[in-house]
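The structure appears below as structure tokens.
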Amino acid sequence: MYKDQIINNLNRIMRYDTLVQELANSSGVQLDDAENLINEFEAQLSIDTATWALVFYEKELGIKTDISKSLDERRARIKFKQIGTGNINANTIKLAALAYPNGDCEVSFNGHIVIKFSSLIGIPDFLESLKSDLEQIKPAHLRIDYEFKYMTYFEFTLLTYDQLHTITYNNFARR
């Protein structure tokens, strides 16, 4: 890539000199490598694209690094930890849960914390990690109850073919 730019910036007479072409090729390869390293480093600056730098984010936030977990799960735990510090209230818990894929939820308090997951796609990815993280940030004297939206097979069998045919997927998932 850079070789072509170097050659195009030269005088036309020099463009065809073999020594100049070899120098441009060598310099172009070095510049391409440097650009790739810079792009890789920039990717590590965002939690959403980081790979090898996740260990630094985890260390900074006091998260035990577990390389057996997927990159997505490790990223979710990092985002969760960034959100779930300081004063804990229903909004903080909701935002922290949203750090996990499919973590859409409603949080209420009824003598204890009630988290009702409302994602149309299903239960949150990495549910056990989410539960573990929520246990760490909640007040110790409160328990957490989790509620999930499911449609049982029995409820499904009560629908007629015509009803199923007219229901969109989103409306079906909200039932």
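The values are calculated or read from the model by the stated rules, or taken from the named source; none is laboratory data. Predicted, not measured: the structure shown is a model, and the values here were computed from it. Glycine also receives a Cβ, built like all others from the backbone with ideal geometry; neighbour counts cover every protein chain displayed.
Which of the residues spanning region 126-138 are assigned to a loop (DSSP other than H, G, I, E, B) and out of contact with any helix residue (DSSP H, G or I) (no Cβ under 7 Å at 6 or more places or on another chain)? Once the filter is applied, which keeps residues that are assigned to a loop (DSSP other than H, G, I, E, B) and out of contact with any helix residue (DSSP H, G or I) (no Cβ under 7 Å at 6 or more places or on another chain), region 126-138 yields only LYS138. Given the condition surrounded by 11 or more Cβ atoms within 10 Å (Cβ to Cβ), closer than 30 Å to LEU164 by Cβ, out of contact with any Ser or Thr (no Cβ under 7 Å at 6 or more places or on another chain) and modelled with pLDDT of 90 or more, answer yes or no: does some residue in region 58-66 qualify? Within region 58-66, none of the residues are surrounded by 11 or more Cβ atoms within 10 Å (Cβ to Cβ), closer than 30 Å to LEU164 by Cβ, out of contact with any Ser or Thr (no Cβ under 7 Å at 6 or more places or on another chain) and modelled with pLDDT of 90 or more.
ALA24 fails exactly one of the following numbered conditions: (1) surrounded by 14 or more Cβ atoms within 10 Å (Cβ to Cβ); (2) within 19 Å of PHE126 (Cα to Cα); (3) of a type outside the set (Asp, Glu); (4) not assigned by TED's automatic domain parsing to the domain that holds ASP125. What is the number of that condition? Of everything listed in (1) surrounded by 14 or more Cβ atoms within 10 Å (Cβ to Cβ); (2) within 19 Å of PHE126 (Cα to Cα); (3) of a type outside the set (Asp, Glu); (4) not assigned by TED's automatic domain parsing to the domain that holds ASP125, ALA24 misses just condition (2).
Yes/no matrix, rows are residues, columns are (1) assigned by TED's automatic domain parsing to the domain that holds LEU142; (2) surrounded by 14 or more Cβ atoms within 10 Å (Cβ to Cβ):
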position	(1), (2)
THR18	no, no
VAL29	no, no
ASP33	no, no
ILE78	yes, yes
GLY86	yes, no
THR92	yes, yes
ALA99	yes, yes
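For GLU40, are the conditions met, namely being assigned to a helix (DSSP H, G or I), in the same structural domain as ILE93 (by TED's automatic domain parsing) and not hydrophobic (A, V, I, L, M, F, W, C)? Taking the combined requirement at face value, the residue does not satisfy it.
Can you tell me how many residues within region 71-121 are touching a residue at least 12 places away in the same chain (Cβ under 8 Å) and part of a loop (DSSP other than H, G, I, E, B)? Of the residues in that region, 14 qualify. For region 20-36, a residue qualifies if it is among the aliphatic types (A, V, I, L, M) and closer than 14 Å to ILE7 by Cα, and the qualifying residues are VAL20, LEU23, ALA24, VAL29, LEU31. Of the numbered criteria (1) surrounded by 12 or more Cβ atoms within 10 Å (Cβ to Cβ); (2) charged (D, E, K, R); (3) within 17 Å of the chain's Cα centre (by Cα), the one GLU106 fails is (3).
Taken over region 43-66, the criterion of being closer than 21 Å to LYS131 by Cβ and free of Cβ contacts under 8 Å to residues at least 12 places away in the same chain is satisfied by LYS64, THR65, ASP66.
Filter region 86-103 for residues that are of a type in the set (Gly, Ala, Ser) and under 21 Å from the mean Cα position of the chain (by Cα) and give the result. Steps first, please.
Initial filter on region 86-103 (of a type in the set (Gly, Ala, Ser)): 86, 90, 96-97, 99, 103.
Across region 86-103, the qualifying residues are ALA96, ALA97, ALA99, GLY103.
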